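Asker: A single structure is presented below for examination.
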Amino acid sequence: MRKRLSPDQRQEVHDLFRRYLHRQGFRQTPERFEVLDALYDTDEHIDADELYYRLRTRKRSISRATVYNTLNLLEACDLVISHQFGDKGATRYEPSFRYWQHDHLICLDCSKVLEFCDPRIQRIQDLVAEIYNFEIKSHDLNLYGHCRRDDCTHRQSGLAR
């Protein structure tokens, strides 16, 4: 579970986005900041359509195009990270401000995404980079399998618990 941002950190995120929009010549619309806040308010890896539906319950005037375009802008200014977890091509997003490197377990039945962080992975990455004289900028480790949660939807019958 992601730690919620403090009000000062949330303001910093808004300021970073505001400066990015200004530098790029984009308008600073309330709708764009609604998308930003809605994404930072969730503890999930969320796709654009789910984010759109959540926003529609709060604000009637936001369009699906605004959600998609804003997510692209947020990713371009490094406030959002996108992931392809193999679930029918849906891109999922998560906040990246004060981002801590982590990896993912993805259930092939219910598409639940669990985050984990193990410092041994970082040590292996550092060792491999040193051996190959390589500067690693980022890594993405996604492990796919079947969760054993009782409420897992679409579980294959006969799957061992």
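The values are calculated or read from the model by the stated rules, or taken from the named source; none is laboratory data. Just so it is clear, the structure is predicted and the values come from calculations on it, not from any experiment. Virtual Cβ from ideal backbone geometry, glycine too; neighbours counted across all protein chains shown. Heads up: the accessible areas ignore ligands, DNA and RNA and are worked out on the full protein's heavy atoms, side chains in. Shrake-Rupley method; radii C 1.70, N 1.55, O 1.52, S 1.80 Å.
Asker: Do any trypsin sites (Lys or Arg not before Pro) in the stretch 7-49 lie in a DSSP loop with no more than 10 other beta carbon atoms within 10 Å, and if so, which? Walk me through the numbers before you get to the answer.
Answerer: On the way: sites: Arg10, Arg18, Arg19, Arg23, Arg27, Arg32; in loops: Arg27.
Here the trypsin sites (Lys or Arg not before Pro) that fit, given the DSSP loop and packing criteria, are Arg27.
Asker: Of the candidates His139, His45, His83, which one comes out as most mobile in a Gaussian network treatment of the chain with C-alpha springs shorter than 10 Å?
Answerer: His139
Asker: Between Gln24 and Arg58, with labels modelled 7 Å along Cα→Cβ, what's the label distance in nm to one decimal, could you check?
Answerer: Here the answer is 2.0 nm between the modelled labels.
Asker: With a ≥ b ≥ c taken as the square roots of the eigenvalues of the C-alpha gyration tensor of the chain, please select rounded if a/c is under 1.5 and otherwise prolate if a/b is larger than b/c or oblate if it is not?
Answerer: Taking the square roots of the gyration eigenvalues as a ≥ b ≥ c, the chain is oblate.
Asker: Follow-up question, since we're still on this one. Kindly report the accessible area of the chain per residue (heavy atoms of protein chains, probe 1.4 Å, no ligands, DNA or RNA), in Å².
Answerer: On a per-residue basis, the chain sits at 65 Å².
Asker: Here's a follow-up. So, with a 1.4 angstrom probe, what is the percent of accessible area on the chain that is carbon and sulfur?
Answerer: 50
Asker: Over the chain, what is the mean sequence separation of C-alpha contacts under 8 Å (at least six apart), divided by residue count, expressed as relative contact order in percent?
Answerer: 17
Asker: Further question: What residue among Asp150, Asp47, Asp37 has the largest mean-square fluctuation in a Gaussian network model of the chain, using Cα springs under 10 Å?
Answerer: The residue with the greatest mean-square fluctuation here is Asp150.
Asker: Could I ask something else about it? Label 7 Å along Cα→Cβ of His14; the stretch 32-68 residues with amide nitrogen under 18 Å?
Answerer: Residues passing the 18 Å test: 32-42, 59.
Asker: Over the chain, with a Gaussian network built from C-alpha contacts below 10 Å, which listed residue (Glu115, Glu130, Glu50) shows the highest mean-square fluctuation?
Answerer: Highest fluctuation of the listed residues: Glu130.
Asker: Starting from the 7 Å offset along Cα-to-Cβ, what nm value, one decimal, do you get for the label separation of Asp78 and Ser96?
Answerer: About 0.8 nm, to one decimal.
Asker: Exposed loop chymotrypsin sites (Phe, Trp or Tyr not before Pro) only (DSSP loop, at most 11 other Cβ atoms within 10 Å): please give the longest stretch of the chain free of them, not including the sites. Kindly include the intermediate steps, with their values, before the conclusion.
Answerer: Values: sites that count: Trp100, Tyr132, Phe134.
The longest such stretch corresponds to 1-99.
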